[in-house]
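Comments concern the structure below.
The values are calculated or read from the model by the stated rules, or taken from the named source; none is laboratory data. Everything quoted here is computed from the prediction, not taken from an experiment. Don't worry about glycine lacking a Cβ; one is built from the backbone with ideal geometry, like all the others, and counts go over all protein chains shown. The protein model used for the area step is the full one, side chains on, heavy atoms only, and it has no ligands, DNA or RNA in it. Shrake-Rupley method; radii C 1.70, N 1.55, O 1.52, S 1.80 Å.
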Amino acid sequence: MKKIAFFCIPAHGHTNPMLPVAAELVRRRNVVRFYSFGEFEEKIKATGAEFISCDSFLPELTEQEEAGLKNVSTTEMTVQDIRITLSMNEFLDQEFKSFQPDVVYTDSVCFWGKLNAWKHHVPMVVSTSTFAFNQMSSEYMKNTPKEMADMIFGLPRVSRELKKLEPYGFHVKSVFSLVQSDNSTDSIVYTSRMFQPYAESFSDHYAFVGPSVFSNILPEKEKERPLIYISMGTVINDRSDFYSKCIEALKNLNVEVIISCGNAINIEELGALPDNIQVYPYVDQLDVLAKADAFITHCGMNSVSESLYMAAPMVLYPQTSEQHAVARRVTEIGAGIMLKEDSSEGIRTAIQEILNNKAYRDAAAECSADFRACSGTAGAAEFIENAPHSSDGIDIIGELNKSMVRFQILYWLVVIIAINLIGFLVSWKYVWIIGISASILSSPIGKAVQKRKYKSLIRKYYP
């Protein structure tokens, strides 16, 4: 029996995958203390874990800060994570002294969980609610200009907040060290190695356990007419305009439609509903997906994982860079298509493509079988119980980094030689052009070399 402290941010997409793991650990006679927030209290207590409320440590938000969080601003989320960490410092110091956890299981972006595990020298396992992202898999994250601007212009503010952590015993080199995946940190990822991009680049410290779900039901697609399920998740779901377009697109098709719209909109705003369309604030998503023939989704990792677990192909409508990464992977395995145009006609066309092409159903069914073959919550619980772990495997990223250091040295050595040759043999007047060109080209050339070297390492170690 072990004492295990769970930590998570106040977000459904991050908390929900941890709940079945908590239930399994409790079933195995471990003591689980889950530090979370009021909206999750009932669900956490249902797992058998002890719920510890952290609501009093949430800071008062200005309208601008609240808007930033609602719009999934990386800067705002980082700043608030740091402030919560500071406000919880004294409380968690006492908790770690009294509870004395054997293991900390913390969400990957829950700073107060990670920092206190390091500070109190307790073995830590990271809960990764989306893909594991390193320098290879992060290429799936295509940030929009708005997201890039938010991160760049927010760096000074984040740096100021990080400095406030030092006097409290939290030693942080940079914000990236708090959020990035590395090959020496024990981590649980709620997907399979097949679905994880660049899975070979992750060490044995990673357990790919498959989707974390409570349900044991199997997909059941036999019915009179196809069922279409629509949901935009729990964060960016105030989209009455989009739901109205879906209703217009599907009202005259020979299909049943269920829309889960959350509580951010008033269902009456959608007007009189056609007989084949039903709208609810919330549904049992796994139960609906088990019967669904197509799912129009915002591409949150949990929703996509549950859809594939229930063999439901998707129409993909991502809203953030992380969701775009998940959507890209779904298209690569052939289990869904991107919504190219969010008009009524575009939605209708996409749904008809999914329903009329068996290849999407087959790909989703294949992924469902792969997910169900994973170790699941039992595997996650065992991994946590046995932390910390050692790894005798190959660190592909470590070897890749060594190669890239050698490449960068060679690259700039060649540039310096070229500058001097042209300067001495031709003229020094224009050598600045070579320097600027070399700087501009270093990134794309470096990425091309990195991919080539990565493929070479995979062939070497995984022939």
Item to complete: Mind giving me the nanometre distance, one decimal, between the label points for L425 and D275, set 7 Å out from Cα along Cα→Cβ?
Response: 8.4 nm
Practice prompt. Please give the per residue accessible area of the stretch 101-219, computed with a probe of 1.4 Å over protein heavy atoms only, in Å².
Written response: 43 Å²
Worksheet entry | Rg over Rh, two decimals, the stretch 283-342 (C-alpha only, Kirkwood Rh) | 0.94
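What number comes out for accessible area per residue over the stretch 256-379 if the probe is 1.4 Å? Units Å², please.
Working: 4960 Å² over 124 residues.
For the stretch 256-379, the solvent-accessible area averages 40 Å² per residue.
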Worksheet item: For the cross-link pairs K3/K43; K251/K291; K340/K453; K402/K460, which exceed 24 Å when the distance is taken from alpha carbon to alpha carbon?
Response: K340/K453
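Compute the convex hull volume of the Cα atoms of the chain, divide it by the residue count, and report the result per residue in Å³ as a whole number.
Cα-based convex hull of the chain, divided per residue, equals 184 Å³.
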Item to complete: Straight distance only, please: which aspartates and glutamates reach the Cα of K223 with their own Cα at less than 14 Å, same-chain residues fewer than 8 apart left out?
Response: E256, D293
Discussion item. Can you give the log10 of the normalised intensity I(q)/I(0) at q = 0.19 Å⁻¹, computed with Debye over equal Cα scatterers of the stretch 89-181?
Written reply: -1.03
Worksheet item: Any idea what the dipole of the stretch 352-449 comes to, in debye rounded to 20, about its Cα centre with Lys/Arg Cβ at +1 and Asp/Glu Cβ at -1?
Response: 700 debye
Worksheet item: Can you give the FRET efficiency for D241 and E268, using 1/(1 + (r/R0)^6), R0 = 22 Å, r = Cβ-Cβ distance, to the nearest 0.05?
Response: 0.90
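Could you list the GluC sites (Glu not before Pro) in the stretch 247-285 that lie in coil according to DSSP, counting only those with at most 10 other Cβ atoms within 10 Å of their Cβ?
none
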Practice prompt. Can you check what the Kirkwood hydrodynamic radius comes to for the stretch 159-265, Cα pairs only, in Å to one decimal?
Written response: 19.0 Å
Fill in: Förster radius 41 Å - calculated FRET efficiency between R452 and D392 (Cβ-Cβ, nearest 0.05)
0.90
Worksheet item: What full-extension length gain, to one decimal in nm, is calculated for D55 and E399 as 0.36 nm per residue of separation minus the Cα-Cα distance?
Response: 119.5 nm
Response to the item:
For the stretch 375-422 the translational diffusion coefficient, Stokes-Einstein from a Kirkwood Rh over Cα pairs at 10 °C and viscosity 1.306 mPa s, in µm²/s, is roughly 109 µm²/s
Worksheet item: How big is the stretch 17-144 by the Kirkwood estimate over distinct Cα pairs, in Å?
Response: 16.3 Å
Item to complete: Determine Rg/Rh for the stretch 238-354; Rg is computed over alpha-carbon atoms and Rh is the Kirkwood hydrodynamic estimate from the same atoms.
Response: 0.93
